[in-house]
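The values are calculated or read from the model by the stated rules, or taken from the named source; none is laboratory data. As the structure is a prediction and not an experimental result, all values here were calculated from the model. Quick reminder, even Gly has a Cβ in these numbers, built from the backbone with ideal geometry, and neighbours come from all protein chains shown. Remember, those area values only see protein heavy atoms, side chains included, never the ligands or the DNA or RNA. Shrake-Rupley method; radii C 1.70, N 1.55, O 1.52, S 1.80 Å.
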Amino acid sequence: DFSGTKIIANKPISVCSGCLCPWLPDPRYSACDHIEEMMLPVTAWGKIYHSIPFATRRKTDLYRVFAGADNTKIFINGTEWGTLNKKGGNEGEGWFSYLHDKRELIEFTGDKPIYIAQYNNSQNWDGVESDPFMLVLTPVEQYQTQLLFTTPSADYPANFVNFVCDSAGYNDIEIAQGGTDKWASFPSKFGFDVKKFPTKINGVTYIGKTIAINPGTYRV
């Protein structure tokens with residue numbers, strides 16, 4: 001397991017991390033698939049992350065939390081978890097694995113930059129037909145007001161998007177498919193039922209919502 005490895009170069013590089021056949025959340029649960037994600041450089045890490053449970057699953061997801069600096073205090077939903085003493089290094093020193101006790105919105109924060117990976121567990125974890133995959137979460141410091149994304153059109157029976165935003169701006173969001181200018185109100189298309197994250201960030205309340213979406217390319 002290369003988790004916690006520090007990779008340094010004297011010229012720009014990109015790093016893709018993954019595993020050929022993980023059993024998640026631990027080796028007791030078989031059903032593997034390749035997982036991979038492009039890594040963010042430490043300069044792009046942030047102190048605040050929001051997470052939404054993956055759709056269709058019955059039990060919770062696995063997380064790994066990494067420290068970008070020595071002696072980083074970690075908070076989960078506003079409660080102090082503990083301190084990671086090293087940037088990089090072994091489990092318990094530079095990073096830790098985490099399983100929440102129930103399926104709900106989770107807010108990870110640190111007093112210094114941190115990095116969060118969310119994992120879809122093996123199907124034997126909760127009996128839901130699914131293979132592992134990983135998702136690197138985006139820190140609040142990297143949130144955007146314009147998004148372009150695409151969903152796969154083959155081999156997937158359903159597509160879902162986990163969406164996080166400032167609660168005050170939710171009603172103003174619009175979505176259009178492909179290169180069209182046929183904009184539609186996001187809440188009128190996907191509903192007004194949203195969930196709030198447990199704490200405010202600089203006085204701002206954030207909300208989370210999972211939406212089912214047809215294959216295609218979208219602008220938000």
Exercise for the section: Report the dimensions of the range 85-197 along its three principal axes from the alpha-carbon atoms, largest first, rounded to Å. Expected result: 50, 36, 27
Problem - Long-range HN-HN contacts of C165 with modeled amide H, under 5 Å - result: I207
Handout entry: For the range 16-26, Karplus couplings with θ = phi - 60° (6.51, -1.76, 1.60), whole Hz, Gly/Pro x
Key = 10, 10, x, 7, 6, 8, x, 10, 10, x, 7
Problem - Cα-projected label distance for V15 with R219, points at 7 Å along beta-carbon direction, nm - result: 3.5
Fill in the blank from the handout: For the range 101-113, Karplus-derived ³J(HN,Hα) couplings (6.51, -1.76, 1.60; θ = phi - 60°; whole Hz; x for glycine and proline) come out as 7, 7, 7, 7, 5, 10, 10, 9, 9, x, 7, 9, x
Exercise for the section: Once every Cα of the chain carries one equal point scatterer and solvent is ignored, give the base-10 log of I(q)/I(0) from the Debye formula at q = 0.09, 0.10, 0.12 Å⁻¹, two decimals. Expected result: -0.39, -0.49, -0.71
Problem - Three-way shape call for the range 29-135 based on the alpha-carbon gyration tensor, with the a/c threshold at 1.5 - result: prolate
Exercise for the section: Determine which residues of the range 55-76 fall in the zone a paramagnetic label at R28 would reach in this model, i.e. backbone nitrogen under 16 Å from the point 7 Å along Cα→Cβ. Expected result: 59-62
Problem - Spin-label model distance (nm) - A176 vs T138, 7 Å beyond Cα toward Cβ - result: 1.9
Practice task
Tally up the carbon and sulfur contribution to the accessible surface of the chain as a whole percent, 1.4 Å probe, everything protein left in place.
Solution key: 51
Handout entry: Per-residue HN-Hα couplings for the range 190-195 [Karplus 6.51, -1.76, 1.60; θ = phi - 60°; Hz; x = Gly/Pro]
Key = 10, x, 9, 7, 10, 10
Fill in the blank from the handout: Classified through the alpha carbon gyration tensor (a ≥ b ≥ c as square roots of its eigenvalues; rounded if a/c is under 1.5, else prolate when a/b is larger than b/c, else oblate), the range 1-79 comes out oblate
